[in-house]
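Comments concern the structure below.
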Amino acid sequence: MMPQKMSRRVVTDRLEWVEKMLAELRALPLDSREEFFADKRNTWTAESCLRRALEALLDLGRHVLAKGFAVGVSEYKEIAQGLREYGVLDESDASLMRVLAGYRNRMVHFYHEVGAEELYEICSTQLGDVGQLAYVLKTWLANHPEFLDDML
């Protein structure tokens, strides 16, 4: 496998998806536990949007590795390590991405263990972590336009 240019369309789509999901989460009544739990649909929205935001973020990281550096990964947690090895993420951001990848895996494979209280706590206190990593990836891509292909 040889490095290729990354698709600007894929990069933009994944970043926009992360932002869309974060906006949906921020629209929930996260400043009031009582208001959040007054409508059980808030929990389902929180779960779905958080999982989708994490998946879009990790899919973007996988795209960066696969196209830009010709590195394939089979596990979401490997994405963070690869991005650190190629200088896309520093150790702190890579560590955070590993944690988020682990949480995404937990949401998918151990969904029955992820409760409403936990989702509320994460969404009301830690959404900035997802936004931070999206910003770091977006900034790295903006600083390395030679990796991007404008072709559709």
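Numbers for the structure displayed
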quantity	calculated
Boolean, residue 36 is in contact with a Pro (Cβ under 7 Å, 6 or more places away or on another chain), under 30 Å from residue 142 (Cβ atoms), surrounded by 16 or more Cβ atoms within 10 Å (Cβ to Cβ) and among the hydrophobic types (A, V, I, L, M, F, W, C)	no
Single residue of the stretch 89-98 satisfying the filter (under 11 Å from the mean Cα position of the chain (by Cα) and of a type in the set (A, V, I, L, M)) that is surrounded by the most Cβ atoms within 10 Å (Cβ to Cβ)	97
Qualifying helices (runs of 4 or more DSSP H) (wholly inside the stretch 1-84; at least 1 residues being touching a residue at least 24 places away in the same chain (Cβ under 8 Å) and of a type in the set (Phe, Trp, Tyr))	8-26, 33-38
Test: residue in the stretch 109-117 that is surrounded by 14 or more Cβ atoms within 10 Å (Cβ to Cβ) and more than 12 Å from the chain's Cα centre (by Cα)	yes
The stretch 67-88 - residue that is within 18 Å of the chain's Cα centre (by Cα) and aliphatic (A, V, I, L, M) and, of those, farthest from residue 2 (Cα to Cα)	80
The stretch 6-39, subset more than 17 Å from the chain's Cα centre (by Cα) and small (Gly, Ala, Ser), residue modelled with the lowest pLDDT	7
Residues located in the stretch 112-143, provided they are more than 19 Å from residue 96 (Cα to Cα), in contact (Cβ under 8 Å) with a residue 24 or more places away in the chain and not aliphatic (A, V, I, L, M)	120
Verdict on residue 104 being at pLDDT below 95 and either surrounded by 14 or more Cβ atoms within 10 Å (Cβ to Cβ) or not in a helix (DSSP H, G or I) (or both)	yes
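The values are calculated or read from the model by the stated rules, or taken from the named source; none is laboratory data. Just so it is clear, the model here is predicted, and its values are computed rather than measured. Cβ: placed from backbone, ideal geometry, glycine included. Neighbour counts: every protein chain shown.
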